[in-house]
Amino acid sequence: MNNSNSKDDKLGKEVYQAPEENLHYECEQALLRCHFKLPSVNDEWKKFQHSVPSNLLTDKRKKRLFTYYIIGGISVAAMILGAVFFVLPEHKAQRVKGREKMELLITSKSEERQVVLEESEDAVSEERTVVIDNTVPRIEQQGAVLSEREADYTHVNVKKIRHNIVSIPRGKVYKILLNDGTEVWLNADSRFSFPSRFSGKNRVVTLDGEAYFKVAPDEHKPFIIVTDKMTTQVLGTEFNIKAYKESETHVTLVRGSVCVRLPHKKEEVILTPGDDIVCTEDNYQVRKIDTSYYSQWMEGYFYYDDVSLTDILRDLGRWYNFSVEIEQNPSLMNLRLHFIAERGDNIEQVIENLNAYESFSVIKTENKLTVKWKDNEIQ
């Protein structure tokens with residue numbers, strides 16, 4: 001019983017734990033019992049039956065996916081409280097050079113993926129070495145506080161406004177606190193541009209990728225997000241924008257009200273909570289949706305409700321750094337799913353969950369995911 005090896009504590013498995021680990025685990029469980037009620041299996045089963053197309057799954061497969069569905073709901077609560085026990089990993093230094101911009105590279109020894117913070121400047125070129133480790137978990141630069149998980153610009157008070165660009169790698173999420181108090185969570189493979197502090201009549205930022213915004217209210221200074229297909233204007237609200245160049249652009253409103261401007265249509269669309277506007281090059285559509293997805297990805301989950309298989313696989317490809325090849329089959333291209341998975345799972349686990357659907361198969365070969373309709377597979 002004196003096993004000293006570290007083991008993951010997974011739901012439904014009995015794992016040996018050292019005394020300190022037991023105390024840690026019991027504290028988490030006590031907090032969960034105080035703050036969260038376990039879901040009713042009967043109620044959740046009824047909801048899940050309605051969310052999964054009956055022609056896709058047998059009862060056996062539905063129950064298998066339902067296990068993932070229930071576990072996902074419990075795990076969200078665990079992740080929220082689990083953040084209390086998070087230990088910042090050790091980091092390593094990066095030396096950066098530039099001429100008209102200064103770049104700060106922040107990496108972790110546990111993962112080589114880099115968040116790149118670029119700051120445009122008119123001053124002469126600079127060369128800096130930035131060290132962030134367990135003893136110095138953050139650095140301060142002209143009022144900005146930078147760390148491996150977030151950048152805080154709320155206390156920047158320099159007179160000269162600097163232009164910042166944040167590039168998020170695949171497989172990582174990053175948070176920005178803007179000078180006005182607005183919170184921005186950036187999803188994997190995103191690029192976000194913003195000033196070190198806002199001035200003038202508007203607060204303007206640009207986005208290529210996906211971000212969740214909690215905009216600080218200011219009725220005198222509208223907050224404007226520019227993407228390649230639309231411009232979104234708010235005064236203070238909570239919403240998600242998904243604007244990757246290869247996909248449709250979405251604006252999904254969780255709270256408040258937003259105005260979406262469509263340059264190609266020369267018109268404005270006002271959204272109310274629960275609205276999702278989907279914009280293509282020459283058209284748009286507004287629909288009511290479940291906005292849960294847009295909080296779940298920030299909490300470490302893939303959550304999809306009536307989402308196309310194509311969009312799901314693109315997200316997985318961005319997160320796990322895989323290319324995706326989908327068979328050109330109309331049934332496959334139009335297939336929409338309800339699907340939940342943890343972002344901390346390895347790609348093999350996620351593929352296994354997807355393959356629980358009997359109508360298609362996902363195959364991993366090197367750095368590519370191939371998806372085929374099962375009717376075309378050789379039995």
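Every number here is computed from the coordinates shown, using simple stated rules; none is lab data. Quick caveat, the model's predicted, so the values are computed rather than measured. Please note: Cβ atoms are built from the backbone with ideal geometry, for glycine as well, and neighbour counts cover all protein chains shown.
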Using the Cα gyration tensor of region 300-373, with a ≥ b ≥ c the square roots of its eigenvalues, what is the shape: rounded (a/c below 1.5), prolate (a/b larger than b/c) or oblate (neither)?
oblate
Would you mind ranking 225, 270 by Cβ crowding within 10 Å, fewest neighbours first?
270, 225
Exposure proxy check on 262, 207: fewest-to-most Cβ neighbours within 10 Å is 262, 207
Got the relative contact order for region 300-373 handy, in percent, Cα pairs under 8 Å and 6 or more residues apart?
39
Burial ordering of 196, 361, fewest other beta-carbon atoms within 10 Å first:
361, 196
